[in-house]
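The values are calculated or read from the model by the stated rules, or taken from the named source; none is laboratory data. Model, not experiment: these values are computed from the prediction. Virtual Cβ from ideal backbone geometry, glycine too; neighbours counted across all protein chains shown. Surface areas here come from the heavy atoms of the whole protein model, side chains and all, with no ligands, DNA or RNA. Shrake-Rupley method; radii C 1.70, N 1.55, O 1.52, S 1.80 Å.
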Amino acid sequence: FKQKTAYEISTRDWSSDVCSSDLLRSIPLYQDRLVCLACAKHPEIRGELTLEQFLNLPHARTIGTNHATTIRVIDEAVSKVGGHLSRSFLVQNFMIVPPTLEGSDIIATLPSIQARAFAQQYKLQVLEPPLRLPRIRYGAYWHERSQHDAGHQWLRQRIKEAAGLFTP
């Protein structure tokens with residue numbers, strides 16, 4: 001792990017293995033579910049996404065996501081139904097996803113908080129995934145040496161309060 005300064009906190013998907021070290025502390029922040037996002041005028045999707053469409057349409061995915069928990073759980077769920085996502089459209093980061101989807105046949109699978117925010121700003125539709133996907137748990141992680149630091153405790157409390165505002 002990269003050494004963090006006294007006031008750095010890492011927020012990550014809480015279901016990952018990052019907290020396996022005895023030197024790391026954590027607090028759960030919130031949970032979210034995965035949904036699909038597509039252009040509101042998608043040529044094939046009209047309010048409901050079928051498993052066949054999910055498996056065959058190109059998916060927007062962020063670069064470097066091979067080991068990201070969200071991508072891993074999607075790939076595992078697809079594998080359980082005997083499928084494979086062979087058509088990925090790689091983008092630099094999640095902020096590139098909405099303009100990529102508008103006017104295209106590309107779809108994306110994102111946390112619902114993010115997808116709903118994107119759908120308010122772009123002409124996109126939020127869809128239920130056609131397969132069972134686990135909930136995503138997010139948390140904050142820090143090194144044991146920061147556990148009793150007053151400034152760090154204050155920062156953790158503010159982060160926990162801010163996370164409480166999310167309502168997936």
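Remarks
- Note on region 104-167: Kirkwood hydrodynamic radius from all Cα pairs is 15.0 Å, rounded to one decimal.
- Other residues lying with their Cβ under 13 Å from the Cβ of Ala115 contribute a combined charge of 0, Lys and Arg counting +1, Asp and Glu -1.
- Share of carbon and sulfur in the accessible heavy-atom surface of region 41-109 [1.4 Å probe, %]: 51 percent
- Taking amide H as placed 1.01 Å from N in the peptide plane, the amide H of Leu29 sits under 5 Å from that of Tyr138, Gly139, Ala140, each at least 5 places away or on another chain.
- Kirkwood-based shape ratio for region 17-168, expressed as Rg/Rh from alpha carbons: 1.04
- Spacing of the modelled spin labels on Trp154 and Leu51, each 7 Å from Cα toward Cβ, amounts to 5.4 nm.
- In this structure the amide hydrogen of Arg61, modeled in the peptide plane, comes within under 5 Å of the amide hydrogens of Phe89, Leu90, Val91, none closer than 5 places in sequence on its chain.
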